[in-house]
Amino acid sequence: MNPTEIIRKKRSGAKLNRTEIDFFIHGYINGKVPDYQMSAFLMAVFFQKMDFEETTILTDIMLHSGIVIDLSKIPGIKVDKHSTGGVGDKVSLILAPMVAACGVPVPMISGRGLGHTGGTLDKLESIPGFRTDLSLDEYKNVIAEIGLVMIGQTNEIAPADKKMYALRDVTGTVESIPLISGSIMSKKLAEGIDALVLDIKTGRGAFMQSEADAVDLAKTLIAVGNKFGKKTIGFLTDMSQPLGYAVGNWLEVVECIECMQGKNVPDLMEVTYVLGGAMVMLGGKAVSIEEGISKCKNVLQTGKAMDKFKELVRRQGGDVSFITNPGKYPKSKYAIEVKSTSKGYVHNIDALEVGFIGIMLGAGRMKVDDIIDPKAGIRLMKKVGDSVKAGDTLAIMQTDNQEILETAAHRLEKAICVATAPCAPSPLIRAMINEEGIFPWHGLV
Ligand code: URA
């Protein structure tokens, strides 16, 4: 067997068997298959796809490229959530402590910002002192002690994904259902969970922009999760405009603190409660998603979710005084307002473009080794459907980088579209998907 043969076979659209996929992936990890052959393989998979059996084999091989953590000694049904990625998607920061406060252990391994999307790790690391690089022993100790842990992918967890992902990011092969499934599910299955809730994003700011592609991705992820014995359900949620008002790492942490103190940011909290309700149900602490949602609301309103978040920050080395007093965080040098030039209604806030503008401001990376400015980002003042007058502030950009101010402001003005007719935002939670099928979500909150 040689790598070229396997690339040619997939390029022609034929199905690969376990031996071939195994040979290729292990060859890559061991350095026998070079980056250029893996790039060609990824592109062949991108165009020719993989069927469910190949996708499951790929996931299995990627999963077992590293260690599979055993959390069976920790009591309770361990449940995690994963989002396929979006802009302003800060849900995990509220969700994880909220669900843990309901008594469901949440071991969470998250990623960094990717392309135009933000990453939970970067947001957590904007909290001074917060460590996301815990060793596996520390990971197990923290979840055992406080019922919650949030770290990044280590070299021991799904190393095949770590290496392949970096290559996909620069070879235009991210938006592929089998590759996304292998990537997400290998990491999630390795972290010691019993069940998983997926947030599959659709719309301009999502990797799967069309709803049909997002549904296909959701069905594959859910089928793979269940095939590996983890109860997996998913929600199809809108990512055509950013979620909530804040985009940028520390700005998003502040928005989460405010929500945990009772502020209602409707779209952010609706997604958070629905995913949380599903996690609490899968974790055995509620008989239905609806009951799970009301438990989540209760721990949020009584301050228990906030207390759990502070406990997490403290336990992972963060300075809790920034959580109790976010105002003491350093400020950006520039805060530029983008104003509406006309009267009307906000029709669109292009999440993809807002994500890219956030990167320009310093909130994300253009290259893997770029350093993030945790203060940088965008605060939206309006959301789709809101009425505006000429001169109203639509958004405020924060950055230390003077050079990009003019271009960023110009792009942001174009990304927020105001028109005369009233309009409503796209439906937020489109569907619930489980092994049995896809069901309309009734919208509860
Ligand atoms: N998130 C991941 O972890 N992997 C992907 O391929 C896409 C989103």
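The values are calculated or read from the model by the stated rules, or taken from the named source; none is laboratory data. Since the model is a prediction, treat every value here as computed from it, not as a measurement. Quick reminder, even Gly has a Cβ in these numbers, built from the backbone with ideal geometry, and neighbours come from all protein chains shown. These accessible areas exclude ligands, DNA and RNA; they are computed on the full protein's heavy atoms, side chains included. Shrake-Rupley method; radii C 1.70, N 1.55, O 1.52, S 1.80 Å.
Structure above, values below:
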{"quantity": "In nm, spacing of pseudo-spin labels at Q301 and F439 (7 Å Cα→C-beta vector)", "calculated": "2.5 nm"}
{"quantity": "Within the accessible area of region 79-152 (1.4 Å probe), percent carbon and sulfur", "calculated": "44 percent"}
{"quantity": "Accessible-area ranking of S183, S65, largest first, probe 1.4 Å", "calculated": "S65, S183"}
{"quantity": "Inter-part distance where region 363-428 and region 282-324 are each reduced to a Cα centre, Å", "calculated": "30 Å"}
{"quantity": "Subset of K308/K333; K227/K285; K163/K295; K331/K367; K90/K285; K90/K339 violating a 29 Å alpha-carbon distance limit", "calculated": "K308/K333; K163/K295"}
{"quantity": "Charge dipole (debye, nearest 20) of region 1-157; +1 at Cβ of Lys and Arg, -1 at Cβ of Asp and Glu", "calculated": "380 debye"}
{"quantity": "Heavy-atom accessible area per residue - region 29-105, 1.4 Å, Å²", "calculated": "36 Å²"}
{"quantity": "Solvent exposure, largest accessible area first (probe 1.4 Å, DNA, RNA and ligands not counted), of E406, E353", "calculated": "E406, E353"}
{"quantity": "Inter-part distance where region 20-88 and region 149-165 are each reduced to a Cα centre, Å", "calculated": "10 Å"}
{"quantity": "Selected from K339, K230, K367 as most flexible by GNM, with the chain as the system and alpha-carbon contacts under 10 Å", "calculated": "K367"}
{"quantity": "Among F47, F207, F130, residue whose mean-square fluctuation peaks in a GNM of the chain (springs only between Cα atoms under 10 Å)", "calculated": "F47"}
{"quantity": "Extended-chain gain in nm, criterion 0.36 nm per residue less alpha-carbon gap, I371 and D169", "calculated": "71.0 nm"}
{"quantity": "Size descriptor, Kirkwood hydrodynamic radius, that averages inverse alpha-carbon separations across region 285-366, Å", "calculated": "17.4 Å"}
{"quantity": "Local electrostatic count at I257 - Lys and Arg +1, Asp and Glu -1, tallied over other residues with Cβ under 12 Å", "calculated": "+1"}
{"quantity": "Surface per residue (accessible, 1.4 Å probe) for region 254-314, Å²", "calculated": "38 Å²"}
{"quantity": "Within the chain, helix-based [θ] at 222 nm, where runs of 4 or more DSSP H residues each add -39,500 (n - 2.57), nearest 500", "calculated": "-14000 deg cm²/dmol"}
{"quantity": "Beta bridges by DSSP in the chain, antiparallel share as percent, to the nearest 5", "calculated": "60 percent"}
{"quantity": "With DNA, RNA and ligands ignored, accessible area of K310 (1.4 Å probe; Å², nearest 10)", "calculated": "50 Å²"}
{"quantity": "Mean Cα-pair separation over length for the chain, i.e. relative contact order, pairs under 8 Å, 6 or more apart, %", "calculated": "19 percent"}
{"quantity": "Computed label-point distance, nm, for sites K343 and T420 using a 7 Å Cα→Cβ extension", "calculated": "1.1 nm"}
{"quantity": "Per-peptide average of other Cβ atoms within 10 Å, ordering 244-256, 214-226 highest first", "calculated": "244-256, 214-226"}
{"quantity": "Cβ-based charge dipole, region 315-366, positive-most Cα from G362, N325, S342", "calculated": "N325"}
{"quantity": "Net dipole in debye of region 291-445 [+1 Lys, Arg Cβ; -1 Asp, Glu Cβ; about Cα centre; nearest 20]", "calculated": "520 debye"}
{"quantity": "Gaussian network model of the chain, springs between alpha carbon atoms under 10 Å - residue of V346, V287, V338 with greatest fluctuation", "calculated": "V287"}
{"quantity": "Top positive-direction residue, dipole computed over the chain with Cβ charges, set T56, S176, G244", "calculated": "G244"}
{"quantity": "Where D169, D267 fall by accessible area, highest first, once all protein chains stay in place (1.4 Å)", "calculated": "D169, D267"}
{"quantity": "Fraction of accessible area attributable to carbon and sulfur, region 286-426 (%, probe 1.4 Å)", "calculated": "52 percent"}
{"quantity": "Stretch gain in nm, segment N226-V320, where the contour uses 0.36 nm per residue and the Cα spacing is subtracted", "calculated": "30.0 nm"}
{"quantity": "Helix 18-29 vs. the chain, principal-axis angle (Cα, 0 to 90°, nearest 10)", "calculated": "60 degrees"}
{"quantity": "Cα gyration tensor shape of region 67-174, rounded if a/c is under 1.5, else prolate or oblate by comparing a/b with b/c", "calculated": "prolate"}
{"quantity": "Heavy-atom accessible area per residue - region 328-373, 1.4 Å, Å²", "calculated": "56 Å²"}
{"quantity": "Fully extended contour minus Cα-Cα distance, from R18 to N264, at 0.36 nm per residue", "calculated": "83.6 nm"}
{"quantity": "Kirkwood Rh and Cα Rg combined as Rg over Rh, evaluated for the chain", "calculated": "0.96"}
{"quantity": "In sequence order, calculated HN-Hα J values of region 276-291 (Karplus, 6.51, -1.76, 1.60; Hz; x Gly/Pro)", "calculated": "x, x, 5, 5, 5, 5, 5, x, x, 9, 8, 8, 8, 4, 4, 5"}
{"quantity": "Spin-label model distance (nm) - A335 vs S387, 7 Å beyond Cα toward Cβ", "calculated": "2.8 nm"}
{"quantity": "Residue-count net charge about D350 - beta-carbon cut-off 12 Å; Lys, Arg +1, Asp, Glu -1", "calculated": "+1"}
{"quantity": "Accessible-area composition of region 20-66, carbon plus sulfur, in percent [1.4 Å probe]", "calculated": "57 percent"}
